[in-house]
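J.: Okay, here's the structure, questions in a sec.
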Amino acid sequence: MLFSELDAAAPDVILGIAQAFRADSSPHKVDLGIGIYKDDHGQSPVLPSVKAAEKWLTEQQASKAYLSSAGSPEFNRAITQLLFGQDAEDAFDGRIRSIQTPGGSGALRVIADFLKTHAPTSRIWLPNPTWATHQPIFAACGLTIQRYPYYDLANGKLLFEEMRTALQSAKSNDVVVLHGCCHNPTGEDLQPPHWHIIADLLRQAGAMALVDLAYQGFGGSLEEDAYAIRFLAGLLPELFVTSSCSKNFSLYRDRVGALTTVAQDKASSVILQEHIAKAVRANYSMPPDHGGAVVAHILQQTDLRDQWQIELDTMRTRIASVRTLFAQELKRVTGRDHGAIARQKGMFSLLNLSPDAIARLRDVHHIYMISTGRINVAGLTSENFARVAAAIADVQSPTAT
């Protein structure tokens, strides 16, 4: 009997924190765990531009018939242009193609399935640390995982020289996973000079880059956050890009993402797309349409696109502001420099806290974060950031028990 012989599954760390938070009856509880954008009232509202696009879709959509394994052609065209510029097709001579996927994680799984079939000896190089779901997605397909140094938690800085040294061992057909912006979980990003060095290293090794761009528009402008993928596409013959609309369109539960490939030439791009489509058919067959149709409509309508960009700017500006306030308050109450938090980008930062300190934050102060010390900065508000800083100072105190 298969079912009765199963051992209890290990709980999901992030979802477990969310469940514990919901069960806490304290009116002062703070959720810094799951990675969703929240406004200064602690809410994660539907963007007005999304509401407008959904209204249009309800009134105008004539069919719920299947599209294809690649999803909506309008979405794919719009997302390619968002990533690589309005003239992407001409600028890159037909080398770039996008398909719609169920979130960025769906795109990653398609890549893993594709590699397992066509390059099963490829090693997947992941930064240490990285998004918690990267490793299980690739490991589930039986691919070999390598880790490279990325971040010095104790000193709050990028370990670029150590990263470069490790990646010098990458070989042909290895795949190096890189965060395009707003590194999860650290917020510590590579800068243009770093990308230049990494591009040369990959080109010499014959290794491929997989750029995970889950937060375009949350670090700097949409154009700034696309710097890495545009630079790499111009220098490298092949490139994977996974992107998500969860954060920048606040479409979390609608699962909207894309897998974009850059091939050596247009003919190779067409053949690659055929193999990617086979991987999709063997997995989820085709992506859900609603969220992709919403994104496509927003990006194709000038007024709605302008409105969405204002909303995106508001989200990014709020995160940057609360980073600065939080870093200043932490320095005031702890006497230690926390400038890295203000300098870093995106929704996440990694705090150097012990498991005991994190447990005390939860049990005594009703502040929830995952056990690695990653915090969702967007969970901080003008009402709670000082209280969170004071609680961190308390659990770091030598007298804390």
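Laboratory data are not the source of any read-out in this text; all were calculated from the coordinates shown. A quick note: this is a predicted structure, and the numbers were derived from the prediction, not measured. For neighbour counting, all protein chains shown are included, and Cβ atoms are generated from backbone atoms with ideal geometry for every residue, glycine included.
J.: Just the Cα atoms of the stretch 1-112: what Rg and Dmax do they give in Å?
T.: Here Rg and the maximum Cα pair distance are 20.8, 58 Å.
J.: Would you mind listing how long the stretch 11-64 runs along its three principal axes, going by Cα atoms, in whole Å with the largest first?
T.: Sorted largest first, the three principal extents are 45, 29, 17 Å.
J.: What Kirkwood hydrodynamic radius do you get for the chain when you take the inverse of the mean 1/r over all pairs of distinct Cα atoms, in Å?
T.: 22.2 Å is the Kirkwood radius here.
J.: Tally Lys and Arg at +1 and Asp and Glu at -1 over the other residues with C-beta under 13 Å from the C-beta of Phe84: what net charge comes out?
T.: The answer is -2.
J.: Still on this structure, please answer the following. Please give the Cα centre distance for the stretch 234-248 versus the stretch 355-374, rounded to the nearest Å.
T.: Distance between centres, Cα-based: 34 Å.
J.: Then there is this: Which links in Lys55/Lys247; Lys38/Lys171; Lys116/Lys345; Lys171/Lys278 stretch past 30 Å when you go from one Cα to the other?
T.: Correct reply: Lys38/Lys171; Lys116/Lys345.
J.: Turning to a different aspect of this structure: On alpha-carbon atoms, Rg over Rh for the stretch 66-300 using Kirkwood Rh?
T.: Rounded to two decimals, Rg over Rh is 0.93.
J.: Counting DSSP beta bridges with both partners in the chain, what percentage is antiparallel, nearest 5?
T.: 45
J.: Note down the net charge around Ala327, summing +1 for each Lys or Arg and -1 for each Asp or Glu among other residues with Cβ under 11 Å from its Cβ.
T.: Once all neighbours under 11 Å are counted, the net charge is +3.
J.: Run the dipole for the stretch 66-300 about the Cα centre, Lys and Arg Cβ at +1, Asp and Glu Cβ at -1, nothing else charged, and hand back the magnitude in debye, nearest 20.
T.: In debye, rounded to 20, the stretch 66-300 gives about 680.
J.: Another one. Local charge sum around Ser382 (other residues, Cβ-Cβ under 15 Å, Lys/Arg +1, Asp/Glu -1)?
T.: 0
J.: Still on this model: What residue among Leu304, Gln273, Gly94 has its Cα farthest toward the positive end of the dipole of the chain, where the charges are +1 on Lys, Arg and -1 on Asp, Glu, each on the Cβ?
T.: In the chain, that residue is Gln273.
J.: Which three lengths, in whole Å and largest first, does the stretch 229-277 cover when its Cα atoms are put on their principal axes?
T.: 35, 26, 11
J.: Residue farthest toward the positive end of the dipole of the chain, with Cβ of Lys/Arg at +1 and Asp/Glu at -1: which of Leu47, Ile367, Asn384?
T.: Ile367
J.: Compare the peptides 109-116, 222-229 by average per-residue count of other Cβ atoms within 10 angstrom and give them in order, highest first.
T.: 109-116, 222-229
J.: Sorted by mean Cβ packing within 10 Å, highest first, what order do the peptides 11-17, 21-27 take?
T.: 11-17, 21-27
J.: Of the residues Lys171, Lys55, Lys29, which exhibits the maximal mean-square fluctuation in a Gaussian network model of the chain defined by a 10 Å Cα contact cut-off?
T.: In this elastic network of the chain, the residue with the biggest mean-square fluctuation among Lys171, Lys55, Lys29 is Lys55.
J.: Also, quick follow-up: Treating only the Cβ of Lys, Arg, Asp and Glu as charged (+1, +1, -1, -1), what charge dipole size does the chain show about its Cα centre? Round to the nearest 20 debye.
T.: So the magnitude is around 420 debye.
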